[in-house]
1. Expected output is a single nm value to one decimal: the length gained when fully extending between residue 57 and residue 166, i.e. 0.36 nm times separation in residues minus the C-alpha distance. What is it?
2. May I ask you to evaluate 6.51 cos²θ - 1.76 cosθ + 1.60, the Karplus curve with θ = phi - 60°, for each residue of the range 28-33 and list the ³J(HN,Hα) values in order in whole Hz, giving x for glycine and proline?
3. Taking the number of other C-beta atoms within 10 Å as the exposure measure, put 52, 170 in order starting with the fewest.
4. If each residue of separation counts as 0.36 nm, what is the full-extension length gain between residue 135 and residue 96 once their alpha-carbon separation is subtracted?
5. Within a Cβ distance under 14 Å of residue 33, other residues only, what is the Lys/Arg minus Asp/Glu net charge?
6. Using 0.36 nm times the number of residues separating residue 109 and residue 24, minus their current alpha carbon distance, what extension gain do you get?
7. If we count other beta carbons within 10 Å of each Cβ, what is the order of 2, 149, fewest first?
8. Using amide H atoms built in the peptide plane, which far-off residues or other-chain residues are under 5 Å from residue 9 H to H?
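What follows is calculated from the coordinates using simple rules that are stated; it is not laboratory data. As the structure is a prediction and not an experimental result, all values here were calculated from the model. Using ideal geometry, Cβ is built from the backbone for each residue, glycine included, and neighbour counts are taken over all protein chains shown.
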Amino acid sequence: MTSPIPMVLFCPACGLRHIDGPDEGRGWTNPPHRSHLCSGCEHVWRPADVATVGVTMLETEGAADSDPVVGLTLPARELHRLQQLLNCPEIHRFADGVVLEAVHQRERHGSDRPEGKQSSDWFWLVGFLAGKALNAALSLNVEKALHHTISAAAALANWHAMLLGADTRTRAGIVPPAEFMEVDREQG
């Protein structure tokens, strides 16, 4: 098989950016391949009938290439770039990934309403995400396990920010059992 063609790829099912790379935990060395597995929704698709590799950005540009966000003003292009960055999970650099995911959670699940912001809500969310990480790890899906560990750590970061009063937009969003709601109310 010839060298794969570098492409900027997005999952056609969920829109998540797809960047190829080796995954030692699953024994994946990233050989040339045609079909791609989305790390977000596990959709498998083939962008071309030749070997391709998902890259962050192409290394070359043609003299006649259009700006990928033609027609947008400079601030709108910067906003587009930042939105792409926030919606593309970082799973290899833990600290960077936690910061990006925490911002993503605030932007995606933000609310000024008080519901879902008790400590017990955060406890259940962190446990839920840690459980997803465990399930993925046991299934040898290392990429998804890495994503869920970062998501759980980001939820902890948002809980921490809420406790400090630094940023209270995010809500955990999981409805806990009634007995834990009572404990949370009693403790204020």
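1. Going from the current span to full extension adds 35.8 nm.
2. 8, 9, 6, x, x, 8
3. Final ranking by Cβ density, sparse to dense: 52, 170.
4. Length difference between fully extended and current span is 11.7 nm.
5. 0
6. 27.3 nm
7. In order of increasing Cβ crowding within 10 Å: 2, 149.
8. Sorted by chain and number, the residues that satisfy this are 18, 55.
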